[in-house]
1. For region 134-180, which residues satisfy the criterion of being out of contact with any Asp or Glu (no Cβ under 7 Å at 6 or more places or on another chain), hydrophobic (A, V, I, L, M, F, W, C) and in a loop (DSSP other than H, G, I, E, B)?
2. What number of residues within region 67-99 satisfy the criterion of being open to solvent by 50 Å² or more (accessible area, probe 1.4 Å), within 15 Å of Gly144 (Cα to Cα) and not in a strand (DSSP E or B)?
3. List the pairs whose first member sits in region 128-148 and is closer than 15 Å to Gly67 by Cβ and in contact (Cβ under 8 Å) with a residue 60 or more places away in the chain, whose second member is among the basic types (Lys, Arg) and open to solvent by 10 Å² or more (accessible area, probe 1.4 Å), and whose Cβ atoms are under 6 Å apart, counting only residues at least 6 apart or on separate chains?
4. Determine whether Thr108 is closer than 17 Å to Ala170 by Cβ and without any contact (Cβ under 8 Å) to a residue 12 or more places away in the chain.
5. Return the residue satisfying two criteria in turn: it lies in region 109-155 and is of a type in the set (Gly, Ala, Ser) and over 22 Å from Ile37 (Cβ atoms), and of such residues it is most open to solvent (accessible area, probe 1.4 Å).
Amino acid sequence: MRIRFGLAAAGLLVVAACGAGGDASTSGTIPITQRAIAAVALEHLPTNTTTREATYTDNHDPKGALGADLRYGGDGESDGGLLRVFITPKVTKKPCEVEHLDGCATRTVKGGTLILSWAKQEPEEDPGFVNVTMVRNGQEIRVGWSGDTIRGDPRTQHLRFSIKQLETIAQDQRLALTTTRAAIDA
């Protein structure tokens, strides 16, 4: 139950991307789609997903929010780990003020603010989760991972996807409410 709450609360956080090695020339003016979000994320991740789906949104999410859910390691009995990339048109809450977090670190990066937050495992209930949120120009893009057991600061753990990988996705300039034709075509 905590993982569901954590992901829902984290959905209020998002990551407005800011270029993994890119610059303003990689942004665009075409409204992004869930398929484009998945395609951009998969340029930074292994493509051997179990499932790829649009993130479910409801009236608790800001109007215009959308995302992609990528599952890894599902085996029929388990859905596997969830990597979610979620974009929202506004900052809804200060990321480090979300309840049920065990840690949060904020730093200024080129183009915005990058936030790493996490919740540790609750034995026999929830493995915990990690979120990287990029805040830029009033938007947020959140890259969340729930698939490893989080025992403490995730920067000191070996995770399926490193914090560096999650940060690279979050900072990809194409991940914003508007993107490029190439991202849409991907």
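The values are calculated or read from the model by the stated rules, or taken from the named source; none is laboratory data. Bear in mind that the values here come from a model prediction, so they are computed numbers and not experimental data. Quick reminder, even Gly has a Cβ in these numbers, built from the backbone with ideal geometry, and neighbours come from all protein chains shown. Heads up: the accessible areas ignore ligands, DNA and RNA and are worked out on the full protein's heavy atoms, side chains in. Shrake-Rupley method; radii C 1.70, N 1.55, O 1.52, S 1.80 Å.
1. Result: Ile150, Phe161, Leu175, Ala176, Leu177.
2. Residues flagged as open to solvent by 50 Å² or more (accessible area, probe 1.4 Å), within 15 Å of Gly144 (Cα to Cα) and not in a strand (DSSP E or B) within region 67-99 amount to 1.
3. Matching pairs, first to second residue: Gly144/Arg84.
4. yes
5. Per the stated criteria, the residue is Gly152.
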